[in-house]
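Colleague: The structure follows.
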Amino acid sequence: MYRPAIRVLDATIRDGGLMNNSRFEDDFVRAVYRALSEAGVDYMEIGYRNSKKAYSPKDYGPWRFCDEEDIRRVTEGIESKVKLAVMV
């Protein structure tokens, strides 16, 4: 039975970042975003928004910080209705 009130959230990048210190290649994050868009997923939790004083960019990848330019770089040019979320 179809239930329009149910929404789907994917946390592959945010949750997976716990295993690799948020060090995903841009091509991988872009591929996940594209696949979720094509699958009709409602939300993508793309990472964390943390202070670079609390977490060193030398130790953690860009998805620990989700700077606007990083998000734009991996989503640009992909037609999508996926809403992006970050954990703060």
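The values are calculated or read from the model by the stated rules, or taken from the named source; none is laboratory data. Since we're looking at a predicted model, the values are computed, not measured. Using ideal geometry, Cβ is built from the backbone for each residue, glycine included, and neighbour counts are taken over all protein chains shown. Note: accessible area is taken over every heavy atom of the protein model, side chains too, but ligands, DNA and RNA are not part of it. Shrake-Rupley method; radii C 1.70, N 1.55, O 1.52, S 1.80 Å.
Colleague: Consider segment 52-65. How many of its residues are closer than 17 Å to residue 15 by Cα and in contact with a helix residue (DSSP H, G or I) (Cβ under 9 Å, 6 or more places away or on another chain)?
Modeller: Looking only at that region, the number is 6.
Colleague: Further question on the same structure: Any residue that is in contact (Cβ under 8 Å) with a residue 24 or more places away in the chain, open to solvent by 100 Å² or more (accessible area, probe 1.4 Å) and at negative phi - is there at least one of those in segment 55-73?
Modeller: yes
Residue by residue, here is whether (1) out of contact with any helix residue (DSSP H, G or I) (no Cβ under 8 Å at 6 or more places or on another chain); (2) not in a loop (DSSP other than H, G, I, E, B) holds:
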site: 13; (1), (2): no, yes
site: 16; (1), (2): yes, yes
site: 29; (1), (2): no, yes
site: 81; (1), (2): no, no
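Colleague: Now for a separate question. Can you name the residue in segment 1-48 that is among the small types (Gly, Ala, Ser) and more than 30 Å from residue 59 (Cβ to Cβ) and is also least open to solvent (accessible area, probe 1.4 Å) among such residues?
Modeller: 37
Colleague: Restricting attention to segment 74-88, and to residues there that are of a type in the set (A, V, I, L, M) and without any contact (Cβ under 8 Å) to a residue 60 or more places away in the chain, which single residue is surrounded by the fewest Cβ atoms within 10 Å (Cβ to Cβ)?
Modeller: Among residues in segment 74-88 that are of a type in the set (A, V, I, L, M) and without any contact (Cβ under 8 Å) to a residue 60 or more places away in the chain, the one surrounded by the fewest Cβ atoms within 10 Å (Cβ to Cβ) is 88.
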